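Sharing a structure below in structure tokens format, with a few things to ask.
None of the figures in this text is laboratory data; all of them are computed from the coordinates on show. None of the values given here were measured: they were computed from a predicted structure. So basically every Cβ, Gly included, is an ideal-geometry build from the backbone, and we count neighbours across all protein chains shown.
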Amino acid sequence: MIDTIPPSVALIGCGPSGMFFLHALAIRRAKLEEEGNVEGLAALPVVTCFERSSGPGGVWRSDRFSGDAKSTNMYEALWTNGPKEAMEFFDHTYQEHFGCAMPMFLPRECVLSYLLARCTKNNPNFFDNVKFNTGVESVKHDTKLDKFIIKLFDKTESSFDKCIWAAGLNGKPKIPSSIDALLTSGGFQGKIMHSSQTDSNFDQYVRGKNVMIIGDAFSAEDLALQAIKLGVESVEIVTRAAEGAASDTTAWPMDKVDVNENYIVSGVTDDGRGIVLSKVELDHDQDKYVEISGRHITLDDIDTIIYCTGYEPNFEMLDGNLRPAFDIKFKNEIPKDSWKMSTNPMSKDLGDIPLNDIKPWPELADMYRGRLISVPSMFFIFEDADVPLFNIDVNAWRTLAQVTGDLPLPPPEEMRRFNMETLLHAMHDPIERYLADGNYKKHWMMTIGDDHWSEDMFSRPMKGMMRNYWDLQYRLIARDALDSGYPLDIGTYEKLNKKGTALVSLGVIDECVRFEMDEDSPDASWRTFRDCNPSKCHSIFTGTKAVPLKCHWLDLESCEIIDIIDQTAGEEKCSARSYHRVQTMAKSVVSKLRLGRA
């Protein structure tokens, strides 16, 4: 027998990315033990996981304001914004976990209990060896020894063969400094906060108040709805690009929300209570928004301003040469003259548009399938598609396959060729190209009017184009799943199978829910996108259909399972015993971790 020295691995973070890597490793170990594969077991990496918080879960934890100052930066009113069926796991179904059919959208408490139960159901001591309450101060790479030097905040140091950054893309809040300085210098008299600072005291800043939200993505959508639930007087959403979920919403409950599209904050009124907005347009040549002269409006009597301007990954602990270049663009390598976009639904209107420099894209120029090309023993696990948890799970398996050598490292030129071929393949999709190619976006915006079929989410060609977009997303995931030995088969890069196409349908359903609401409908006073008809969503594993919420989302008084589901409705009924079992299990796992067992 050949002696094998297993690689030592530093895993930074125990949110979903870190949890899923450890889970993939546990499944692999169990399989090798069952096979009696001694050599395979000896070659498995020795992993040390560092987590700055007191427990696992990352953004899905909800206890940071009850004494856990080092926990996540996510806001408290967190629910899923897409169908839960798109993030169900092959080895732990919702039916198994909850014991009954569940709504299409879930609050963070339900998601956390599901994630924790999945990891611990075959290994109750799953988190015992994770180093919680342990922050990483710095990560350096010794090129001569090919070792990573990990320095903790307690100043202790350790060396590792490989390093995996799994700290999440929401590591720190992103606040536009120019707007923040303008509001401060202008003497705004109300409360200013970032979405990450909204906690149990959120009520006092929104009830009966006039609220302005800067940004229109998911956090703006979530907090606008939460503010309505808490009795806000009005919500003004200000968005520069108008391409987020809030801008897609066609109606808001009680008509309390106005979305000010293509505006930026440009001043504060003399009394410190009003906010001046300036109309902007995108200068495609400079790739920035510029003010339109003389186009201003004023929002009066604003009490609270919330930055829903997103989050950034926290790479600060990584040495400069270990940080991925998230802002890099593909330039000289793109074969602009020889590449031609294939015929697609937009070809007739847009014609043949030359490729421009491509904005940052999941297949980054300095990375190959989640690992740095320049330092290939440095890995990253994060979502790089619009299917966060499922995508992260596949990427965790991909990383494990790379660490163990099952997914070999090609020469640098082959890695770059793989990236370029993947990028060019994706650029044949109109939606993907719109998001990445400024030149294509410019022609789209200048050519396509409001009466075009692409402005109607329910038109047949638009639904077809959306289906093609989601098909691309899942084919990219399918390729990694197949190459990594992921236990769920959804097809190949060339063609998805039945499960894969079912996931594509979920993506299309997700795109439509915000467009289904009608401000003139009788239900406009209470309807949110989470009150949609969920019957088209079903589990790809059990076939269980999603059920409606127990009552209107605005009327839900808590996020407890028993308060979300109607026990008496539908074919799938939850007994009181099921409720008790799930709630007891979830609270037991979470409590055990909080008390320091992990």
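GLU243 versus ASP451, label points 7 Å from Cα toward the beta carbon: distance in nm?
Roughly 2.6 nm, to one decimal.
Can I ask one more? To make sure I understand the rule: partners must be lysines, Cα under 16 Å from the Cα of LYS131, and not fewer than 8 residues away in the same chain. Which ones qualify?
Filter leaves LYS70, LYS151, LYS155, LYS592.
Here is a follow-up. Any chance you could run the full-extension gain for ASN123 through SER177? It's 0.36 nm times the residue separation minus the Cα-Cα distance, nm to one decimal.
On the way: separation 54, 0.36 × 54 = 19.44 nm, distance 4.59 nm.
Contour length minus the Cα-Cα distance gives 14.8 nm.
Only bridges whose two residues both fall in the range 173-311 count here: according to DSSP, what percent of them are antiparallel, nearest 5? Don't skip to the end; give the middle numbers.
Details: 15 of 33 bridges.
Within the range 173-311, antiparallel bridges account for around 45 percent of the total.
Suppose a student asked you for the relative contact order of the chain, using Cα pairs under 8 Å spaced at least 6 residues apart; what percent would you report? Kindly include the intermediate steps, with their values, before the conclusion.
Values: 1076 pairs, mean separation 105.1, N = 598.
Relative contact order of the chain: 18 percent.
Same structure, new question: Along the Cα-to-C-beta direction of ASP91, a point sits 7 Å from the Cα; which residues of the range 9-34 have their amide N less than 11 Å from that point?
Zone members listed by number: 20-32.
Let me ask another. Would you mind getting me the FRET efficiency between LYS155 and ILE297? Use the beta-carbon distance for r and R0 = 45 Å, nearest 0.05. Display every interim value, and only then the final one.
Numbers: r = 54 Å, r/R0 = 1.19.
That gives a FRET efficiency of 0.25.
With a 10 Å radius around each residue's Cβ, average the other Cβ atoms per peptide and rank 99-107, 286-294, 45-53, highest first. Present the calculation step by step, with values, prior to reporting the outcome.
Values: 99-107: 23.1, 286-294: 11.4, 45-53: 20.9.
Those peptides, ordered most packed to least, come out 99-107, 45-53, 286-294.
What ranking do 506-514, 483-491 get when scored by the average of other Cβ atoms within 10 Å per residue, highest first?
With the highest mean Cβ count within 10 Å placed first, the list reads 506-514, 483-491.
Right, another one. Which value at 222 nm does the chain reach when only helices count, each DSSP H run of 4 or more adding -39,500 (n - 2.57), with the total divided by all residues and rounded to the nearest 500 deg cm²/dmol?
On the way: 17 runs with 189 residues, N = 598.
That calculation yields -9500 deg cm²/dmol at 222 nm.
Further, regarding this structure: Given the Cα-Cα distance of LYS348 and ASP203 and 0.36 nm per residue of separation, how much length would full extension add, in nm? If you can, show how the numbers build up before the last one.
Values: separation 145, 0.36 × 145 = 52.20 nm, distance 5.09 nm.
Contour length minus the Cα-Cα distance gives 47.1 nm.
Express as a percent, rounded to the nearest 5, the fraction of DSSP beta bridges in the chain (both residues included) that run antiparallel.
Values: 35 of 68 bridges.
Percent antiparallel among DSSP bridges in the chain is about 50.
What whole number of Å gives the distance from the Cα centroid of the range 178-249 to the Cα centroid of the range 446-465?
Cα centroid of the range 446-465 versus Cα centroid of the range 178-249: 30 Å apart.
Now a separate question. I need ASP258, ASP270, ASP248 ordered by Cβ neighbour count within 10 Å, fewest first. Please report the intermediate quantities before stating the final value.
On the way: ASP258 13, ASP270 9, ASP248 18.
Least crowded to most crowded, the residues run ASP270, ASP258, ASP248.
Which of the lysines could a cross-linker bridge to LYS229, judged by Cα under 28 Å and excluding same-chain residues fewer than eight apart?
Within reach: LYS84, LYS172, LYS174, LYS191, LYS209, LYS256, LYS536, LYS545, LYS550, LYS573, LYS587.
Could you name the lysines in cross-link range of LYS31, using Cα to Cα under 25 Å and dropping any fewer than eight places away on the same chain?
By straight Cα distance, LYS31 reaches LYS121, LYS162, LYS499.
Say the dipole of the chain comes from +1 at the beta carbon of Lys and Arg and -1 at that of Asp and Glu; which of HIS296, LEU25, TYR434 then lies farthest toward its positive end?
LEU25
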